[in-house]
Each structure stands twice: as C-alpha cells, then as structure tokens.
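Asker: Below is the structure I would like to discuss, written out as structure tokens.
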Amino acid sequence: MSIKNWLQNDKISIGLLLGLFIPVPAAFVFAVLLRIVQVNFLVLGEVRLINMLLLGIAINIVVMRFYILKYKLIDTAKGILISTLVIVLLFFLFLKNSNFFLPF
C-alpha cells in the first residue's frame with residue numbers, strides 16, 4: 001500500500017497522526033522565517049518564538065479543510081480536529097508563558 005492510498009483512508013487514527021505530525025515542521029519553518037526577519041530587518045522583536053507553534057497548529061485547519069472538501073473524508077478530518085484541540089489546550093496550559101530559543 002502506498003502512502004497516497006494510506007492517506008486517503010477514512011480513519012480517525014490517520015487524522016490523529018496527521019494532526020500531531022504536521023504542526024512541528026510547520027512551526028519550525030515559521031520560527032526560522034521569524035528569526036530571519038528579526039535579525040535582518042530588526043522588526044517583530046516582541047514576537048516570541050513559542051507563538052510560532054500556534055501558526056503551525058493553524059496549518060492543521062488548512063489540512064482538515066482539504067480533507068473535508070476534496071476527499072470527503074470526514075473521520076480523518078475529525079481526527080485532525082481532535083489532535084488540534086488537544087495541542088491547543090496543552091499549549092495554553094503549559095507553554096503560554098515560556099520562551100523558546102533557536103540555537104542560531
């Protein structure tokens with residue numbers, strides 16, 4: 001079974017996995033872009049890097065919409081929504097007041 005066929009199954013477990021694995025690379029890309037803008041243009045200095053995780057989580061909403069409208073896979077979209085809500089809840093409970101630094 002190829003990955004494309006696996007991603008087109010209508011299962012909540014696939015949505016949960018997608019919802020957990022998509023925000024991490026997206027948040028890293030947003031954090032790197034923010035750091036480049038902060039260093040080169042000296043703007044957005046007050047934006048904390050941990051808040052880029054919220055932008056990464058927002059990518060889940062785009063993926064969920066894609067699964068609902070294009071493929072009509074409602075259970076997969078439900079899994080993405082569940083994992084998104086759990087990540088947002090954990091963010092506001094534990095990470096809201098922390099600061100995250102990139103090593104460069």
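Asker: List, please: which pairs have Cβ atoms under 8 Å, are six or more places apart or on different chains, and start with a residue in segment 37-59 that is farther than 30 Å from Ile80 by Cβ and end with one that is of a type in the set (A, V, I, L, M) and assigned to a loop (DSSP other than H, G, I, E, B)?
Answerer: So the pair list comes out as Gln38/Leu44; Gln38/Val47.
Asker: On to the next question. Of the conditions (1) open to solvent by less than 50 Å² (accessible area, probe 1.4 Å); (2) part of a helix (DSSP H, G or I), Asn9 clears all except one; give me its number.
Answerer: Result: Asn9 fails condition (2) only.
Asker: Next up: Go through segment 3-24 and give me each residue that's modelled with pLDDT of 90 or more, of a type outside the set (Gly, Ala, Ser) and within 20 Å of the chain's Cα centre (by Cα).
Answerer: The answer is Lys11, Ile12, Ile14, Leu16, Leu17, Leu18, Leu20, Phe21, Ile22, Pro23.
The values are calculated or read from the model by the stated rules, or taken from the named source; none is laboratory data. The model shown is predicted, which means the values in this text are computed figures rather than measured ones. FYI the Cβ positions are ideal-geometry reconstructions off the backbone, even for glycines, and counts take in every protein chain you see. Please note that ligands, DNA and RNA were not included when accessible areas were found on the heavy atoms of the full protein model with its side chains. Shrake-Rupley method; radii C 1.70, N 1.55, O 1.52, S 1.80 Å.
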